[in-house]
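First, the structure itself, so that you have it in front of you.
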Amino acid sequence: MADLFSIPFKRTLQFSLKDAISQVIDSKFYQTAASVTNDLILLEKYRDILSHLDVSNEDLQELIKYYLSLKAISVKLPDDQIEFTWFNTLGLKSSGLTRNSLKFEILNVLYNIGAMYSLLSVSNNLSSNDGLKESCRLFKLAAGCFQRIYDEEVKTGFTFFDENTLQSLIHLMLAEAQEMVWKKAYFDDKERHSILSRLALQVSIFYEDASRYANRSPLIRTDWIKGMSFKSKYYTAVSYYRSALLQLEKQNFAQAICDLTYALSILKKMTLNDSLVEWKIDMQNLLETTERDNDLIYLQASVQKVSPIKPAVIVQPEFFKEIDMKDNEMFKNLLPVDVIESCSAFSERVENYVNENITNPLKAMNKILLENISFSGVFESMYITEQEWDSYEASLKDLNEIRNYITSKLKSLRNTINHEIDENEEMIRKHGQIRWKVESIDDGIRGYLSDLERIENYALDGQRIDTETEHLFGTLDHDLVTNVTKAPESNNPVLKEVFSLLKQRKEHIRVAERKIIENKLLPKIISYYKKTGSIDFEPVYQDYIRVFDEDLNTVQKEKAKNIEILSQISNGVQQQAKVSRVDPLTLYMEELKHSTRILSEVKQNITSGKKFYDDLVKAIQAKEERINDYIIKRKNEREIMDRVLEEKMG
């Protein structure tokens, strides 16, 4: 009979994980890598064990420590910052897979923990009850590791592991665990035919499932598949042999003959070693003796159906106690990436709060005042500086550059997809449309092309608005809006008060915005997290915005002032200072007002354009990652299919 199966370790490329994580922390975190230097050194030491693993409990514990350390750092770092490469070792040829993912590393380390459990299982003394019990325990733990990987991969659509391979390994480990149970039951009492029959049938079922999934796997070698199938048939024969012995005890000779015949029919189809040949001969002799006794003595009617045997499921996947451990002292001082991201989100909320409740209302009041007067004396509020003018020119140029980058990126992604389509077409030409089952343009490719077309249309809309904005900016008189052409001051008391209000409100806005800079939210969030361990920072936000209570009161007072000054204007103050429409000063003001409105529209378009293009760039980057992952997946599938077809042709 075939020996027990043990899972070989996967191999990985070695590199300095310490340096890689340090770079991520220094570039993306509020803290520096120096704050967790000792933890990084220890993490590097744990990973080093992967290159020279021995089958031992000592190395098992080192693997578990590395697994826990990775889990500790994974909740602090973005998942996609570090590249890992792992090599499958289940087949005759080793194949590698590279992914930018901490989760990829964690699951592969968990795989090697499962492999270690399986290797330790087969190294036990299987001739003793204690050895069988320990091997059973270890096989169940191995199954638990592969089961956890399977459960995690189900959530993401099997991006790192092959589904059938994992299913095969899970059932293989359960088969061997159940086999240990059967052997212990056999050693305890060889005459307990009922339970031995039921246990053996479940061993057979586990091996059959393992073999079935292995046949669908692109990684598991053929001799393993044959071995699993052999053991499934062997234990089926054992089950019905034991059932026959039970029927003989009950003097159900006809049923015993049926079960023995079925068990023998299985053995006759198998290639047996010497010990199994001897067992087959003994079974044949028992069958002949039973048939003769029944024909001459018992005369029981012939039975055509084998005994119904209820499989006894004794084992299931078990998880080592640390697998879900959350409390780990490593990287305790490193803030989770969730905290940093939450801080960014809440900082944006603070800015929105100030804009909605302070800045925008004050600006709206100023706008209302300007719309209700037609006098000079408020020109200062309309002018912009030379630096502001230059910033508008630079911003328009930046928008063009970002748009050109987006256009180039979209073209590159289209070329990537077209190259993938061409490579698949090459495979179709190589193997023929009938043999090659992978579509050149499947639903995934079709969807990504549609997404790119939609983004391209967005970019064209942006270009149209940019062109309009550049045209508007080109109509402005530089000397007018930058106060190169000076306007006389007014002695009108109402206009003086309006001018004073405009200046005061600008100062109120500046003070409120200054408070955001001077009262940093991040330290408060960090302090709250360290104190409570919670990442619900709503209480911190609600407490923080109280710093603007005085500004909110100021806004209410300014609303009352606005009503009062507007009343003065409507009651005829404006009429007292009215200037002829042909007066150059009036014309100057009308033109300046018009330019201010155009400049406001230009500024709004630039602000909206920047956000529009930032969002578009983020969308393209996210789409690029998904496209690349999908194409890598297709490429891997294509390589496997190409190899399989070439082997069949060879």
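How far apart, in nanometres, would the label points at Asn57 and Ala619 be if each is projected 7 angstrom from Cα along the Cα-to-Cβ direction?
About 5.9 nm, to one decimal.
Under 14 Å from a point placed 7 Å out from the Cα of Lys530 along the Cα-to-Cβ direction: which residues of the range 295-332 have their backbone N that close?
Those under the cut-off are 332.
Please go through the range 434-481 and write out the trypsin sites (Lys or Arg not before Pro) that DSSP classes as loop and that have at most 16 other C-beta atoms within 10 Å.
Those satisfying the criteria are Arg435, Lys437.
Ignoring ligands, DNA and RNA, what percent of the 1.4 Å accessible area of the range 500-539 is carbon and sulfur?
Carbon with sulfur: 54 percent of the solvent-accessible area.
Tell me what the chain gives for mean residue ellipticity at 222 nm when only DSSP H runs of n ≥ 4 count, each as -39,500 (n - 2.57), the sum divided by the residue total, rounded to 500 deg cm²/dmol.
So the calculated ellipticity at 222 nm is -24000 deg cm²/dmol.
Within the range 131-200, list the trypsin sites (Lys or Arg not before Pro) lying in a DSSP loop whose Cβ has at most 16 other Cβ atoms in a 10 Å radius.
Filter output for the range 131-200: Lys190, Arg192.
Something else about it: For Cα pairs less than 8 Å apart in space and 6+ apart in sequence, what is the mean separation divided by the residue count of the chain, i.e. the relative contact order in percent?
Over the chain, the number comes to 13 percent.
Might you work out the accessible area of Thr165 for me, using a 1.4 Å probe with all protein chains in place, and round it to the nearest 10 Å²?
Thr165 has an accessible surface of roughly 10 Å² with all protein chains in place.
Sorted by accessible area (1.4 Å probe), largest first, how do Lys18, Lys250, Lys10, Lys610 line up?
Ranked from most to least accessible, the order is Lys250, Lys610, Lys18, Lys10.
Under the 0.36 nm per residue contour assumption, what length would be gained going from the current alpha-carbon distance of Glu371 and Gln251 to full extension?
Difference between extended and current length: 32.2 nm.
Using the alpha-carbon atoms, what tilt in degrees (0 to 90, nearest 10) does helix 360-371 show relative to the longest principal axis of the chain?
For 360-371 against the chain, the angle is about 30 degrees.
Follow-up. Using heavy-atom solvent-accessible surface (probe 1.4 Å) with all chains present, what is the largest-first order of Ser217, Ser570, Ser194?
The ranking, largest first, comes out as Ser570, Ser194, Ser217.
Give the relative contact order (percent, whole number) for the range 98-233; include only Cα pairs under 8 Å separated by 6+ residues.
Value for the range 98-233: 22 percent.
Taking Cα pairs under 8 Å and at least six residues apart, what relative contact order does the range 102-153 come out at, in percent?
Result for the range 102-153 is 43 percent.
Also, quick follow-up: Hey, how many Å between the Cα centroid of the range 264-291 and the Cα centroid of the range 310-360?
After rounding, the separation between the Cα centres reads 61 Å.
Another question about this same structure. Using a 1.4 angstrom probe on heavy atoms only, work out the carbon and sulfur share of the accessible area of the range 44-142 in %.
48
To the nearest 20 Debye, how big is the dipole of the range 384-427 about its Cα centre, given +1 on the beta carbon of each Lys and Arg and -1 on that of each Asp and Glu?
Here the size comes out at about 100 debye.
Can you tell me the length gained on complete extension of the stretch Arg429 to Lys226, counting 0.36 nm per residue apart and subtracting the Cα distance?
Net length gain for the segment: 69.7 nm.
Under a plain spin-label model, where a point goes 7 Å from the Cα along Cα-to-Cβ, how far apart in nm are Asn628 and Val547?
Simple spin-label model gives 3.9 nm for this pair.
Ok, one more. Given that just one value was derived from the coordinates, which of (i) 1.01; (ii) 1.20; (iii) 1.16 is Rg/Rh (Cα atoms, Kirkwood Rh)?
(ii)
Would you pull out the residues with amide H under 5 Å of Ser95's amide H, same chain only if 5 or more places away, H placed 1.01 Å from N?
Placed amide hydrogens put Asn88 under 5 Å from Ser95.
Contour minus end-to-end for Ser570 and Glu439, with contour as 0.36 nm per residue of separation and end-to-end as the Cα-Cα distance?
39.7 nm
Ok, one more. In nm, give the distance between the simple-model label positions of Asp19 and Asp477, each being 7 Å from the Cα along the Cα-to-Cβ direction.
6.3
Relative to the first principal axis of the alpha-carbon coordinates of the chain, what is the inclination of helix 522-532, with its axis defined by its Cα atoms, in degrees from 0 to 90 and to the nearest 10?
Between helix and principal axis, roughly 40 degrees.
Right, next: Sorted by accessible area (1.4 Å probe), largest first, how do Asp54, Asp48 line up?
Output order, biggest surface exposure first: Asp54, Asp48.
Within the accessible area of the range 303-458, what % is carbon and sulfur when the probe is 1.4 Å and the other protein chains stay in place?
Here carbon and sulfur together make up 49 percent of the probe-accessible area.
Please calculate the 1.4 Å probe accessible area of Val75, with all protein chains present, and give it to the nearest 10 Å².
Taking all protein chains as shown, Val75 has close to 80 Å².
Is any residue of the range 231-275 close enough, with backbone N under 17 Å, to a label point placed 7 angstrom from the Cα of Ile297 along the Cα-Cβ axis, and if so, which?
Under 17 Å, as judged by backbone N against the label point of Ile297, lie 245-257 of the range 231-275.
Not counting the cut sites, what is the longest span of the chain without GluC sites (Glu not before Pro) that DSSP labels loop and that have at most 11 other Cβ atoms within 10 Å?
By the stated rule (loop sites, at most 11 other Cβ atoms within 10 Å), 330-650.
Right, something else. Solvent-accessible area of Tyr213, probe 1.4 Å, all protein chains present, reported in Å² to the nearest ten, please.
Near enough 40 Å² of accessible area.
Compute the helix-to-body angle for 386-431: its Cα long axis versus the longest principal axis of the chain, expressed 0 to 90° and rounded to tens.
On a 0 to 90 degree scale, this one is about 20.
Additional query: When the Cα centres of the range 448-482 and the range 72-88 are compared, how far apart do they sit, in Å?
Each part reduced to its Cα centre gives a spacing of 40 Å.
To continue, here is another question. For Lys332, list the lysines whose Cα falls under 25 Å from its own Cα; do not include residues on the same chain fewer than 8 positions away.
Lys18, Lys28, Lys45, Lys65, Lys71, Lys76, Lys103, Lys321, Lys520, Lys524, Lys530, Lys531
Also, I was wondering about something else. Determine the per residue accessible area of the chain with all protein chains present and a 1.4 angstrom probe, expressed in square angstrom.
52
Among the trypsin sites (Lys or Arg not before Pro) in the range 499-539, which ones are in a DSSP loop with at most 13 other Cβ atoms within 10 Å of the Cβ? Mind listing them?
In loop regions of the range 499-539 (DSSP not H, G, I, E or B), the sparsely surrounded trypsin sites (Lys or Arg not before Pro) are Lys520.
The values are calculated or read from the model by the stated rules, or taken from the named source; none is laboratory data. Given the structure is predicted, the values throughout are model-derived calculations rather than measurements. No Cβ is skipped: glycine too gets one built from the backbone with ideal geometry, and neighbour counts run over all protein chains shown. Quick note on the areas: whole protein, heavy atoms, side chains included, nothing else; ligands and nucleic acids left out. Shrake-Rupley method; radii C 1.70, N 1.55, O 1.52, S 1.80 Å.
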